[in-house]
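Below you'll find the structure, written out as structure tokens, and then a few comments.
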Amino acid sequence: MLQAVSRKESARRLWLPVVLLLLCAVALAASLKIGSVVIGWSEFFAALMGKGSPMATAVVLDLRLPRALSALVVGGGLALAGALMQVLLRNPLADPYVLGTSGGAAVMVLLVLILGMPYSVVPVAAGAGALLSMGLLLLLVRGPGDWSSSRLLLTGIVLASGWGALISFLLSISEARQIQGMLFWLMGDLQPQAPGWWRSGVVFLALLLSFIFSRDLNLLAQGDLRARSLGLPTKGLRLAVLLAASVLTAAAVTLAGPIGFIGLVVPHMMRLLVGSDHRILIPCSVLAGGALLVFAELLARVLFAPQQLPAGVITAFVGIPIFLLLLQRSVRQSHS
Amino acid sequence: MSHLEARGLSVTVAATRVCEDLNVTIKPGEVWSVLGRNGVGKTTLLHTLAGLAPCASGSVAIDDVDISRLSGRARAQQIGILFQHSDDLSSLTGHDLLVNARHPWIGRWQGVERKDEQIIERVARDHAIAHLIDQQFGVLSGGERRRIELAALAVQDTRVVLLDEPVNHLDLHFQIQLLTDLLRQWRTQKKVVVMVMHDLNLATRFSDHLLCLLGDGESLSGPTEVVANEENFSRLIGHPIRQHVADGRALFVPV
Amino acid sequence: MIARTPFRWFPLRSLIATGLLVLLFGFLSRYAFATTLEQVDDRGSVISLSAPPVRVVSLAPHLTEILFDIGAGQRLVGVMAFSDFPEQAKALPRVGNHSHINFEQILSLQPDLILGWRGGNRESDLKVLRDFGLKVFETDPRTLEDVAALMRRLGMILGVPEAAEDSARHFEEAVMRLRKARSNRRPLRVFYQVWDQPIYTLNGDHVVNQMIEGCGGTNVFSALDALSPVVSMEAVLETNPEVILGPRESDQSASWMTRWESWPQVKAVANKQMHSIPADLVARMGPRLVDAMAAICGSLSIARSQYDG
């Protein structure tokens, strides 16, 4: 029997998704139990049933649960968007925001805040901005010639820079009291708000489609020409991947602002563990991204309680050591 | 058994005319070499034959079916191509490449099945690459990469095989061995083989037909014994060529 | 005998007398004028002026308000954006906002004194003004006492010490009256919310904290280190405040109250003790802090009647 893949990697492909699923469950449970309001175990279970004291039940079911679910959906969605971007652009440095989606969202959000509109408009503005950015990108990339990865990347980076300049401008003309709120949004933070059906649906659908088309994604990773020589309709597929990644990013940004790090590093972490086969990479990335953000959100609330840090700051602090550890191990393995 | 036809094929790339109104038929079991100077458009022509580049006019057909009418899948089941460079594959493993090469044969709702795995195993054994396929492409030598890519072509199991400078950068020993073994196998299997070659002597030694791209749309094609002579090659290379005979074989050497 | 001596004595005596008088005068005049127009600012620099300044630029809205309050408002030639009180301040030329100071305009106004705010102006900007040779008097009032003291100091350097003393005394007496009026009962637990998205509050070092305590309340987050920290929703729930106070912009109702309405588990919400204070009053370290404190005390006394009956 030919050893198709190294023994370690093939075994990992089986148990890693299970471990990650368990990790998600543990993260969720911890996020529900731990917080500034101290809730004992018996009270906790009663609250889950809806039968605890009014404060405990409200805190667990109305505050912690929706936010934890949001973290799961946003973290999973961003990790998936990152993996898709990395395949689309064939660039390991790609993340969900590299083509300007979060920039467009941020500009619209800042505009809304400057104009003093109620905060409930912010998510709509973020979504509109993200989709506007994607539309602009498609418009700019049109024209003669196949849009290669490098052309797409370059156009996207320029677009993102443009949004960045607009953001700086908007910050400079806004009033002192508004800036605090704007900066906090720009760092990425979760609201105690449920993800909602449409967002969860988007992430789930994207996950399903990515999984079904994972062989196609594997081929796309070989490059446009090679993929076409193997029968892949690359133009249509790449457009679909771009759309999926953009919609996922828009969904995430409307709920939590531009949370960084997850989209870039989680797919790489999974690659170090299970290789580049998207059939395993995609589900593992989604689970790992969700678990990471739930943990990060918990730490953001608890580390300096009663003060609260933006979750987008903690994701990097938690993820970077893990990533460096994995990188070290894989480097050592490949040299042994 | 399928034959590959270029019908009135005109191909241009940038401002260069590669070929004009080209009509050739390549029959199963034949091995063709495409020769020409750098920049004349050999790779572009190969890509057009593979259906990966558009042509200005005319068509390419397999068994009288225009390949532009075929779905991507059907085309990939018929035509396999070996590309010239593999620098952009560094993070993939050989195994990934072999599995991907089965893609045209795996249905949308199927997965990689036992049958596919067996084919991969057999090919890896036959090409003696089993010990290489777990490593990332980036760490392999040029020769090892070529062998894996050729194995991928075998896994793709197509009737038409197009090769873009298959033995570039390989040691001479490997060059001879590869061409001898592969071409013998493919001839037996009655595949249609078209190679872009840079070396005149390898081309004349291993192919039975030649297609010479002389530049500016002009071309010359036919059996090797007819086409391979001093006059044609001197014109092709742009430098006087002298023919010598050694061990019963013709050798073409620049003056 | 009489004819010769007076001629010789008179010039010498008058010379000595005049000399002594001049010396005396000079000596006295130094004491009379010098110390009035020399003040040390919060940076430790000595600002001295040979005459009361007549062209003053104010780099903070509260400084503008203080100047008008002590009767020196007509000397202002330039103010910051949002200097909208009193009414006359609205007509004055604007020389900058929180993020940007228009140096060229300040120079063109040729001020003889600039009043800077260490807490709100950028240090680098103030340095630029000083490097131009302009006199910059920097202050940073943090408490109610600082505000009264600032009124007096500005009165000194502007040459209106009596008017300033009146204003300062009026301010101090108003504060004292409010403090005296507070109840002897246990202090009410107050949560002060500065901003809603995210939830910003204030710690014990802030003047708002001083006002809350002066009105018989205690700030639930007074012990935190940062001056204006971000706290989690849960942290607020855990403190279960009896009163929630927050600022109200002039054109809108306090939108932060809607968030709390869905949390009847919080005492302040259940007992309907959420009150808003006009933002302009409470955010400026000027004479209207008294009005802010009166509003806070008013809210707390309403709350007290609710809780203590």
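Each value in this text was obtained by applying a stated rule to the coordinates, not by laboratory testing. Here the structure is a predicted model, which means the values were calculated and not measured. Here the Cβ is made from the backbone with ideal geometry for all residues, glycine too, and neighbour counts use every protein chain on show.
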In peptide B:166-179, what is the residue-averaged number of other protein chain Cβ atoms found within 10 Å of each Cβ?
-> 0
Calculate the spin-label point distance for C:Ala51 paired with B:His169, positioning each point 7 Å from the Cα along the beta-carbon direction, and give it in nanometres.
-> 8.6
Tell me, which cysteines of the protein assembly as shown are without a disulfide-compatible partner by the Cβ under 4.7 Å rule?
-> A:Cys24, A:Cys284, B:Cys19, B:Cys55, B:Cys212
Take each uninterrupted DSSP H stretch in chain A, measure its Cα extent along the helix axis, and return the ones at 30 Å or beyond whose mean Kyte-Doolittle hydropathy is at least -1.0.
-> A:7-33, A:65-89, A:149-173, A:234-256, A:278-302, A:311-335
Say each of A:Leu139 and C:Ala149 gets a label point 7 Å from the Cα, pointing the same way as Cα to Cβ; how far apart are those two points in nm?
-> 5.9
Span from the the range A:193-256 Cα centroid across to the the range B:120-195 one, whole angstrom = 33
Could you name the aspartates and glutamates in cross-link range of B:Lys27, using Cα to Cα under 18 Å and dropping any fewer than eight places away on the same chain?
-> B:Glu5, B:Asp63, B:Asp64, B:Asp66, B:Asp157, B:Asp208, B:Glu225
DSSP-loop trypsin sites (Lys or Arg not before Pro) across the range A:51-135, with at most 13 other Cβ within 10 angstrom = A:Lys51
Can you tell me which of A:186-199, C:290-303, A:269-282, C:84-97 comes out highest on packing, and rank the rest after it, using the mean Cβ neighbours within 10 Å?
-> A:269-282, C:290-303, A:186-199, C:84-97
Using the count of nearby Cβ atoms within 10 Å as a rough guide to exposure, how do B:Val245, A:Val247 rank from fewest to most?
-> B:Val245, A:Val247
GNM top mover of A:Leu131, A:Leu220, A:Leu326 - chain A, alpha-carbon springs below 10 Å = A:Leu326
Per-peptide average of other Cβ atoms within 10 Å, ordering A:33-41, A:248-256 highest first | A:248-256, A:33-41
Between the range C:140-191 and the range B:207-232, the Cα center-to-center distance that results, in Å = 103
Taking only the alpha-carbon positions of chain B and ignoring solvent, what does the Debye formula give for the base-10 log of I(q)/I(0) at q = 0.12, 0.18 Å⁻¹?
-> -0.73, -1.50
Fraction of antiparallel bridges per DSSP, the protein assembly as shown only, in percent to nearest 5 | 50
Separation in nanometres of the label points that stand 7 Å from Cα toward Cβ, at C:Arg259 and B:Asn38 = 6.7
Neighbouring partner chain Cβ atoms per residue of C:255-262, average, 10 Å criterion = 1
Cα convex hull volume per residue for the range A:96-248, in Å³, equals 118
Could you name the lysines whose alpha carbon sits less than 30 Å from that of C:Lys90, not counting residues in the same chain fewer than 8 places away?
-> C:Lys127, C:Lys135
Scan chain C and note any complete DSSP helix (H) whose C-alpha atoms cover at least 15 Å along its axis and whose Kyte-Doolittle average is -1.0 or more.
-> C:5-33, C:144-158, C:161-181, C:289-308
Determine the calculated [θ] at 222 nm for chain B from helices alone, applying -39500 (n - 2.57) to every DSSP H run no shorter than 4 residues and normalising by the residue count; nearest 500 deg cm²/dmol.
-> -10000 deg cm²/dmol
